[in-house]
Amino acid sequence: MGILLGIALLFLALGVGAVWLFRRSKADQAAAAVALEALAKTLNAQPASRPLTGTFKGRACTISRFATYGSEGTSPYIRVHLALRTATTFELYPQRSGLGARLVNDVEVGDPEFDRWFIVRTNDRDKVARALAPDIRRTLIDWQRGGWFERAWVRDDQLTYEVGCGLDSAANVERVPAILDVLARIAMALE
């Protein structure tokens, strides 16, 4: 009898937990939808559009989401594009360990901590070093340490930033304006 009661209590606890997770998930989705609507207003965009396309500080921008599929399942990503006009090529990648070896085409920007944590490839080292101002470098280091940086690059008149997370939580959506602000400052310095 005691075993049956224990099993019944276990199933009851699992059922209550499942209901709680379902309600929490619905609340998270609702909060994310509100945050996306606020982001759309900031960008003068339609909240239901996918990808979210608008303007930020006078520049065309697009926020899209995509997923990669691998052996460990699906990984959501956010990709943020900001328009710019420059002949400068630029790629920024994190060195996951902070101890990675540099290749011939990699450049250093002159900040030992940043240079230890990031790989920079560019055709104009001085311009990129100026664009990556000290406060921007600190922000990028913080984002990498917090899992909020995958890579950034300039190609086809766009500065693109990519991070491995989804737009399914309000906290993630609420970070996008800060990302756009940093990209706008980098874009202005590169032009």
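Remarks
- For region 117-191, diffusion coefficient by Stokes-Einstein and Kirkwood Rh (Cα), 25 °C, 0.890 mPa s, µm²/s: 187 µm²/s
- With distances taken between every two different alpha-carbon atoms, region 30-99 has a Kirkwood hydrodynamic radius of 14.6 Å.
- When you work out D = kT/(6 pi eta Rh) for region 40-191 at 25 °C and 0.890 mPa s, using the Kirkwood radius from C-alpha pairs as Rh and the Stokes-Einstein form, the result is 153 µm²/s.
- Dipole moment magnitude, nearest 20 debye, region 61-191 about Cα centre, only Lys, Arg, Asp, Glu C-beta charged: 80 debye
- Difference of contour (0.36 nm per residue) and Cα-Cα distance, Glu72 to Ser169: 32.8 nm
- Over all other residues within a Cβ to Cβ distance under 12 Å of Ile63, the charged ones net out to +3, with Lys and Arg as +1 and Asp and Glu as -1.
- Å² of accessible area per residue within region 61-179, as computed with a 1.4 Å probe and no ligands counted: 50 Å²
The values are calculated or read from the model by the stated rules, or taken from the named source; none is laboratory data. This structure is a prediction, so every number in the text was calculated from the model and none was measured. Positions of Cβ are generated from backbone atoms using ideal geometry, with glycine treated the same way; all protein chains shown enter the neighbour counts. Accessible surface areas use protein heavy atoms only, side chains included; no ligands, DNA or RNA. Shrake-Rupley method; radii C 1.70, N 1.55, O 1.52, S 1.80 Å.
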